[in-house]
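Worksheet: the structure to be examined is printed underneath.
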Amino acid sequence: MATLREVLADAGARLTRAGVADAEREAAWLLAHVMGCSAGSLRLRGAEGIGAEQQQAFGDLVGRRAAREPIQYILGTEEFMGMTFTVTPAVLIPRLDTEVLVREVAALLSGPVRLADIGTGSGAIAVGLATLLPRATVTAIDISAEALAVARTNAAANGVADRILFRQGDLLAPLAGERFDAIISNPPYIAEDDWAALLPEVQQWEPKGALTPGDDALRFYRRLAAESPSLLKPGGMLAVEVGIGQAAAVAALFALAGFRVTVHRDTGAVDRAVIGRLCD
C-alpha cells in the first residue's frame, strides 16, 4: 500500500511537469480534500497508507489539475474576505484584487443604503458589501441565470440572503426607474488582443463573457458612466474594478460624466478601484 507521503510526492511532481506554479501545495490541498483532513496534518500522517479508492479519487483530481482546471473549480470553493464562496465554471473565481473595491466602498457608506452590484457572478461583491454594511440592501444583477444561482447559494451560506435581491438582465437595464446610493461593478475588462496571453486556467476554464468585452476593453465602463447617473441619488457613487493600466482612462470617463473621482490601489500597489461621486 502506498503511503500518503509517496502519493503526495508523485502528485507534486506530476503537477510541476504540467506547469502548475505551486504544485506541491496544491497537491496537498487535493489530498487533504480526499482524506477529509487539513493540508497541514498530512505532514504528520505521511507514513500512513492510502486505500485504493482514495488513491483513485486523488489521482482523478490531480489529473484534472494537471489539465490546468483551476483548483477552485475542482474543490468547488474559494475564500474571499474571510468567507467561503461556492464557485463553478459559470462564475469567475473571486480574487484578492477585488477586496479593495469592496472595502473602499463600504468605508464611504453607512446607514440603510441601497446598493446595486452589476455583473454579480459568484456574488462576492454583493455578499461582501452586505456583510460589511449590515443595514444595506443590495440588488445583484447578472445576465447569466447560472451565475445568479451560484450567487444565491453564496448569499444564503454567508447569512445575507434576506438583504440581497437577485435579478437577471443586461447591465443596468433591470434597475430602470429606481434610485441607488451606489452602483458597483467588476465588469469584463480584458481586451480581446490580450486573451492569448492569459494563463490556461483563465483562458480555458473561466467564463469568457465575464472576462472580456471584445476589442474595446473600456466598453462597459463607457456604458456605466453614461447610464448610471440617472439611477443614482444626489451625491451617489459609481465604483468599479479596473485592469492594470486602465485606471486613468476610466477615471477620465467618469469625470466627463459628472463624477468626482478617486483611485485606490490593491495589495499589489496596482490602481485597481475607481470610485466616482456625482457632483452636486
| query | Which condition breaks for Glu79 when tested against (1) at pLDDT 95 or above; (2) in contact with a helix residue (DSSP H, G or I) (Cβ under 8 Å, 6 or more places away or on another chain)? | reply | (2)
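Yes or no: Glu48 in contact with a helix residue (DSSP H, G or I) (Cβ under 7 Å, 6 or more places away or on another chain) and surrounded by fewer than 17 Cβ atoms within 10 Å (Cβ to Cβ)?
Details: in contact with a helix residue (DSSP H, G or I) (Cβ under 7 Å, 6 or more places away or on another chain): yes; surrounded by fewer than 17 Cβ atoms within 10 Å (Cβ to Cβ): yes.
It is true that Glu48 is in contact with a helix residue (DSSP H, G or I) (Cβ under 7 Å, 6 or more places away or on another chain) and surrounded by fewer than 17 Cβ atoms within 10 Å (Cβ to Cβ).
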| request: Please specify each residue of the stretch 221-274 satisfying the condition of being among the acidic types (Asp, Glu) and either crowded, with 20+ Cβ neighbours inside 10 Å or not assigned by TED's automatic domain parsing to the domain that holds Leu129 (or both). | output: Glu241
| remark: The lone condition Val20 fails out of (1) in a loop (DSSP other than H, G, I, E, B); (2) surrounded by fewer than 19 Cβ atoms within 10 Å (Cβ to Cβ); (3) touching a residue at least 40 places away in the same chain (Cβ under 8 Å) is (2)
| said: Looking at the stretch 152-162, can you tell me whether even one residue there is in the same structural domain as Leu109 (by TED's automatic domain parsing), buried (at least 19 other Cβ atoms within 10 Å of the Cβ), charged (D, E, K, R) and under 25 Å from Thr84 (Cβ atoms)? | reply: no
| message | Considering only the stretch 131-138, I want to know if a residue exists there that is within 15 Å of the chain's Cα centre (by Cα), assigned to a loop (DSSP other than H, G, I, E, B) and either surrounded by fewer than 16 Cβ atoms within 10 Å (Cβ to Cβ) or at pLDDT below 95 (or both). | response | no
| remark: Considering residues that are within 19 Å of Leu92 (Cα to Cα), touching a helix residue (DSSP H, G or I) at 6+ places or on another chain (Cβ under 6 Å) and not in a loop (DSSP other than H, G, I, E, B), the number found within the stretch 211-230 is 2
| field | Boolean, Val20 is modelled with pLDDT of 90 or more and either among the aromatic types (Phe, Trp, Tyr) or farther than 17 Å from Arg68 by Cα (or both) | value | no
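Kindly provide the set of residues from the stretch 44-53 that are within 15 Å of Asp10 (Cα to Cα) and of a type outside the set (Gly, Ala, Ser), ordered by number.
Start the filter on the stretch 44-53 by keeping residues that are within 15 Å of Asp10 (Cα to Cα), which leaves 46-47, 49-50.
Within the stretch 44-53, just Ile50 meets the criteria.
Inspect the stretch 132-144 for any residue being closer than 19 Å to Gly209 by Cβ and among the small types (Gly, Ala, Ser) and give the result as yes or no. Reasoning before the result, please.
Narrowing the stretch 132-144 to residues closer than 19 Å to Gly209 by Cβ: 140-144.
When the remaining residues are screened for being among the small types (Gly, Ala, Ser), the result is 140, 144.
There is at least one residue in the stretch 132-144 that is closer than 19 Å to Gly209 by Cβ and among the small types (Gly, Ala, Ser).
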| remark: Per the filter on the stretch 85-123, residues surrounded by fewer than 17 Cβ atoms within 10 Å (Cβ to Cβ), within 9 Å of the chain's Cα centre (by Cα) and either assigned to a helix (DSSP H, G or I) or among the aromatic types (Phe, Trp, Tyr) (or both) are Leu96
| message | With the requirement that a residue be farther than 14 Å from Asp181 by Cα, in contact (Cβ under 8 Å) with a residue 24 or more places away in the chain and basic (Lys, Arg), what does the stretch 89-132 give you? | response | Arg103
| remark: Reported set for the stretch 163-173 where residues are in a helix (DSSP H, G or I) and more than 12 Å from Glu227 (Cβ to Cβ) is Arg163
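The values are calculated or read from the model by the stated rules, or taken from the named source; none is laboratory data. Predicted model only: the values in this text are computed from it and were never measured. FYI the Cβ positions are ideal-geometry reconstructions off the backbone, even for glycines, and counts take in every protein chain you see.
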